[in-house]
Amino acid sequence: MSYRPQVCIVGGGMITQVQILPSLYQLQRLGVVGDIHICALNSAPLKVLAADPMLAKAFPGQSFVAHPALTTDPKVMQPDAFKEVIASLPPHQIVVVAVPDQMHNGVIQKALQHDQHICCVKPLVLKHNEAEVVAREARRRGLVVGIEYHKRFDDRYLIARRQYRAGRFGEFRIGQASLLECWYYRHSNFQNWCTCENSDMFSYIACHYIDLVAFITGLRPTAVSVYGIKDRYPNGREGYLWTDGRVIWENGACLNVQNALGYPDEGPGGNFQGIRLYGSKGDQGTMIVHNDQYRGVEHAYTEKGTDPGDTRYAQPNPDYFQYVDVGGAGLKPVGYGFRSIEYIVRRIGDCMEEVGSRGAKEALSIRQRFLDRVDEEGIMATPRNSAYNELVMEAGRMSILNEGREVSIQYGRKAGIKFRTYRR
Ligand SMILES: NC(=O)c1ccc[n+]([C@@H]2O[C@H](COP(=O)([O-])OP(=O)(O)OC[C@H]3O[C@@H](n4cnc5c(N)ncnc54)[C@H](O)[C@@H]3O)[C@@H](O)[C@H]2O)c1
């Protein structure tokens, strides 16, 4: 059997444009996936994708099926169209979830109901109990659900993970992580949804580095406190646009995480990001320091580009997502943004190849055993093996809304969060 799934991307926004669609076009070029459908709320973002000059240059002759069609009046909203598209696919194709965070769960439920494998941008869902439902239903139906934490596929994290697990860094004790996105984000759609009552910078971006600490060390977070500073967006609404979080881990280690929509637009990188982890073994100190913003590349252009945040002097990230000319038609996408999508799609392919042409009952148990292996390996984030992410997000939210009170996380059958109580 040769598995070449159709892919349905739900959401045609920024992340689809800069990472998901070009990655899938490349996989289509390689014969790994078949037709690509994209659903959006209306035709406007789909027109942007169809006319994107970079995508046209990199993937000449390739296109996607738009829902609603490109000719539809952009004023017509079709919030339920994705449901019909998913229902129209044969089972065991791939649904990519790339809608705003609070809508992930609805799309995931629909995809599971129609027996589709899933690749979901982070965060999977907003609540731990929702993640548990997704995990149970996916296992019952034998469906792969991969959560796209692409920093995991930055080789420096895979290297740190392997060496940490080989004991070379001893035990993580204390660390600091930062991810500050550019100031100009405040002018985007963020101001309409990332407001105090819905979210905050800790919920939106702290998960990346917290996930990486768990990914490297295998430790789980057990308590969270987050101090948030409110600021006004250009439209006058208020958001927690600066956050400082403290995450305590099951071995007593501590990670400080700072996040903001506050990196100066005139700064040379697309953001500020990185991590420092200090550990110990016997009487030796150890460290892992990743400068994820400045990766040793400096450019000075004749003039600055036309995108917000473009500068004449720049420190571009060569590792996340870039196009390179390696001869032949178009351009090739490279970087961990591509590798992460490729990994999830190929693991789904591996699962389906193992099933081959076996009957339904046997096929289901093969797929379920495959899911157990993927959960256990821990390379791809799944609803089961990365459930700490939802717990941290819930705990962070409870803390920030209560002036930074510490919230503890419990695992096991009674997994959940509560305000931490202290022994007197
Ligand atoms: N580093 C990362 O992992 C990373 C980076 C950026 C975004 N994201 C995640 O990706 C998701 C999307 O972010 P974005 O920046 O692309 O958002 P965006 O606002 O640019 O795009 C959202 C898209 O969802 C579509 N949409 C909304 N309602 C819909 C509906 N009912 N049916 C079909 N489509 C619908 C909109 O038309 C739009 O195309 C978010 O969950 C975000 O957290 C992850």
With the condition kept exactly as written, say whether any residue in the range 290-302 is touching a residue at least 40 places away in the same chain (Cβ under 8 Å) and open to solvent by 70 Å² or more (accessible area, probe 1.4 Å).
no
For the range 356-382, give me each residue that is surrounded by fewer than 17 Cβ atoms within 10 Å (Cβ to Cβ), basic (Lys, Arg) and in a helix (DSSP H, G or I).
361, 369, 373
Test of understanding: among 306, 302, which residue is more than 20 Å from residue 27 (Cβ to Cβ) and at pLDDT below 95?
306
From the set of residues in the range 371-419 that are in contact with a Ser or Thr (Cβ under 8 Å, 6 or more places away or on another chain) and β-branched (Val, Ile, Thr), which is nearest to residue 148 (Cα to Cα)?
374
Counting only residues that are over 24 Å from residue 144 (Cβ atoms), touching a helix residue (DSSP H, G or I) at 6+ places or on another chain (Cβ under 9 Å) and either more than 16 Å from the ligand (Cβ to nearest atom) or not in a helix (DSSP H, G or I) (or both), how many does the range 14-49 have?
2
If a residue has to be of a type outside the set (Ser, Thr, Tyr) and open to solvent by 20 Å² or more (accessible area, probe 1.4 Å) to count, how many in the range 339-355 make the cut?
7
So which of 232, 237, 276 ends up being among the basic types (Lys, Arg) and under 23 Å from the mean Cα position of the chain (by Cα)?
276
In the range 169-181, which residue that is more than 16 Å from the ligand (Cβ to nearest atom) and not basic (Lys, Arg) is nearest to residue 266 (Cα to Cα)?
176
Scan the range 383-396 residue by residue and report those that are crowded, with 23+ Cβ neighbours inside 10 Å and not in a helix (DSSP H, G or I).
383, 386
Residues of the range 319-369 being touching an Asp or Glu at 6+ places or on another chain (Cβ under 6 Å) and on the phi > 0 side of the Ramachandran plot, which ones?
335
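The values are calculated or read from the model by the stated rules, or taken from the named source; none is laboratory data. Computed from a predicted model, the values in this text were never measured in an experiment. Virtual Cβ from ideal backbone geometry, glycine too; neighbours counted across all protein chains shown. Quick note on the areas: whole protein, heavy atoms, side chains included, nothing else; ligands and nucleic acids left out. Shrake-Rupley method; radii C 1.70, N 1.55, O 1.52, S 1.80 Å.
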